[in-house]
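Chemist: Just dropping this structure here.
The values are calculated or read from the model by the stated rules, or taken from the named source; none is laboratory data. Everything numeric in this text was worked out from a predicted model, so none of it was measured. Because the Cβ atoms are built from the backbone with ideal geometry, glycine has one as well, and the counts that use them run over all protein chains shown.
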Amino acid sequence: MKKNKVIIGSQWGDEGKGKIVDLLSQEADVIVRFQGGANAGHTLVVGDKKIILHLVPSGILHESKLCLIGNGVVLDPEIFCEEIDELERSGIVVSPQRLKISYKTHLIMPYHKMLDNLRESKKSGSNKIGTTGRGIGPAYEDKVSRVGIRACDVLDEKRLREKIERALAEKNILFKHYFDSKEISSDEILEKIGDSLKKLRPYLADVSTEIYNAMNKGRAILFEGAQGTFLDIDHGTYPYVTSSNTVASNVCAGAGCGIRVIDEILGVVKSYTTRVGGGPFPTELNNETGEYLRSKGGEFGATTGRPRRCGWLDLVVLRESVRLNNITSIVLTKLDVLSGLDSLKICTKYQFNGKEILYPPQIENGLAKVTPIYETMKGWNEDISQIRNFDKLPHAALDYIRFIEDSLDVKVKIISVGPERSQTIFR
């Protein structure tokens, strides 16, 4: 019996979800993106090609699959069209029969990106969130404020212009009087992105119905998330978070389906920890080991190119991810990056207010006030990138994996030992 699966990031994003979605898409019939925007980058390596996707679901690389972008996504029309063009230059046909966008998906407009960058430029020091400047937050704000532009609006030019003018009425006051910047008109907006909006039209569809029909036909559905659990707007390290719910429970709201659709929830876990941008990071390594992980792991943002902050694996964070997402199995990525380290540390608890705790404190900026408590484990020097059998891994690597399983009470079912599809161990 085919199962419907959710792929979720268990840390601060960049766990390697793209490769895993690409791999598991081989077993799925439908791949759905349910939240986030072009601030997420999924890097895929296929043969000698490196493909970075920001909006289009990773399953697009498989010709027979249907890919859907749900209403919970905020979609940048310009980046979407650039991505379609890039895929087609790589020989991947992206037709409206293979890729569909929900009529209800909100669009990121040029003024959202302007507002995002102007706000960040006003901040200084620790007040900077580290936004990608892609307009994600302002687009979600407009959605909640009921002045958002939805994908279906591009089908009615008069309505589209009216809605843009309504949204700009307030924003132009901010641009002119608060940011000391220039105002912008609806004509400028439509001139800038008009061609992208026209190209978008054929891809619009009733995604909720597409999912419902797929369920009724017994087709396997794979839901892919963007970012990671600790960037969730409610459950992450607020305010250093993204603007949407990244946890598994948002799948149904962001895709337009009922909760009974989900059979399995796979938590993608990087074998160490990284994060981009500001915010607390208890196990961060500002030393040679941190630089080793960054260099060997190629830890630079797929969207911005920014160097990622690197640190030891944090089981306290992962316990919370298991609890929040009801993770049924773990996908462990980048295990090969740890090869060459004589010893490894794993954070098992925090010291907080004179007590040892197993879960993160539930107060704002609580992670900035904890001291990690570590277990030290033996490392390994062997190159594991060509190993395909779990039992062939070095004993120290096996011990590392089993320690994670025992601590989280969740099995590690898939292990990635390199960026290519073939560099994967299935248990």
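Chemist: Whether any residue in region 316-336 is in contact with an Asp or Glu (Cβ under 7 Å, 6 or more places away or on another chain), closer than 25 Å to LEU266 by Cβ, touching a residue at least 24 places away in the same chain (Cβ under 8 Å) and basic (Lys, Arg) is what I want to check.
Modeler: no
Chemist: Out of the residues in region 44-87 that are polar (S, T, N, Q) and buried (at least 20 other Cβ atoms within 10 Å of the Cβ), state the one that is modelled with the lowest pLDDT. Reasoning before the result, please.
Modeler: Step one: list which residues in region 44-87 are polar (S, T, N, Q), which gives 58, 64, 71.
Subset that is buried (at least 20 other Cβ atoms within 10 Å of the Cβ): 58, 71.
Details: SER58: 79, ASN71: 98.
Among those residues, the one meeting the criterion is SER58.
Here's the yes/no breakdown for (1) outside any helix (DSSP H, G or I); (2) modelled with pLDDT of 95 or more; (3) small (Gly, Ala, Ser); (4) over 17 Å from the mean Cα position of the chain (by Cα):
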{"residue": "VAL269", "(1), (2), (3), (4)": "yes, yes, no, no"}
{"residue": "GLY277", "(1), (2), (3), (4)": "yes, no, yes, no"}
{"residue": "LEU293", "(1), (2), (3), (4)": "no, yes, no, yes"}
{"residue": "GLY305", "(1), (2), (3), (4)": "yes, no, yes, no"}
{"residue": "LEU318", "(1), (2), (3), (4)": "no, yes, no, no"}
{"residue": "VAL337", "(1), (2), (3), (4)": "no, yes, no, yes"}
{"residue": "LEU344", "(1), (2), (3), (4)": "yes, yes, no, yes"}
{"residue": "GLN351", "(1), (2), (3), (4)": "yes, yes, no, yes"}
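Chemist: Could you go through region 374-393 and let me know if any residue there is outside the structural domain of GLY225 (by TED's automatic domain parsing), in contact with a strand residue (DSSP E or B) (Cβ under 8 Å, 6 or more places away or on another chain) and closer than 23 Å to GLY278 by Cα.
Modeler: Within region 374-393 (the criterion being outside the structural domain of GLY225 (by TED's automatic domain parsing), in contact with a strand residue (DSSP E or B) (Cβ under 8 Å, 6 or more places away or on another chain) and closer than 23 Å to GLY278 by Cα), the answer is no, since none of the residues qualifies.
Chemist: Could you tell me how many of the residues in region 354-384 are touching a residue at least 12 places away in the same chain (Cβ under 8 Å), more than 25 Å from the chain's Cα centre (by Cα), assigned to a loop (DSSP other than H, G, I, E, B) and farther than 20 Å from SER407 by Cα?
Modeler: First, the residues of region 354-384 that are touching a residue at least 12 places away in the same chain (Cβ under 8 Å): 356-360, 364-384.
Filter once more, so that each one left must be more than 25 Å from the chain's Cα centre (by Cα): 356-358, 369-384.
From the residues that got through so far, the ones that are assigned to a loop (DSSP other than H, G, I, E, B) too are 358, 370, 381-384.
From what is left, the residues that are farther than 20 Å from SER407 by Cα are 381-384.
Residues meeting the conditions: 4.
Chemist: In this structure, does LYS217 turn out to be over 23 Å from ASP142 (Cα atoms) and surrounded by fewer than 18 Cβ atoms within 10 Å (Cβ to Cβ)? Even if it seems obvious, please write down each step before you answer.
Modeler: Details: over 23 Å from ASP142 (Cα atoms): yes; surrounded by fewer than 18 Cβ atoms within 10 Å (Cβ to Cβ): yes.
So LYS217 fits the description; yes.
Chemist: Among the listed residues ILE189, ILE193, ILE184, ILE164, identify the single one that is crowded, with 17+ Cβ neighbours inside 10 Å and outside any helix (DSSP H, G or I). Even if it seems obvious, please write down each step before you answer.
Modeler: Details: ILE189 fails: outside any helix (DSSP H, G or I); ILE193 fails: outside any helix (DSSP H, G or I); ILE164 fails: outside any helix (DSSP H, G or I).
Answer to the selection: ILE184.
Chemist: One residue is enough: does region 248-258 have a residue meeting the conditions in contact (Cβ under 8 Å) with a residue 40 or more places away in the chain, hydroxyl-bearing (Ser, Thr, Tyr) and touching a Leu at 6+ places or on another chain (Cβ under 6 Å)?
Modeler: no
Chemist: Looking only at residues in region 348-398 that are closer than 13 Å to LEU338 by Cα and of a type outside the set (A, V, I, L, M), which one is surrounded by the fewest Cβ atoms within 10 Å (Cβ to Cβ)? Let's see the steps before the verdict.
Modeler: So in region 348-398, the residues closer than 13 Å to LEU338 by Cα come out as 377-385, 393-394, 396-398.
Going one step further and asking which of them are of a type outside the set (A, V, I, L, M), we end up with 378-383, 385, 394.
Working: LYS378: 14, GLY379: 17, TRP380: 22, ASN381: 10, GLU382: 14, ASP383: 13, SER385: 15, PRO394: 17.
Ranking the candidates gives ASN381 first.
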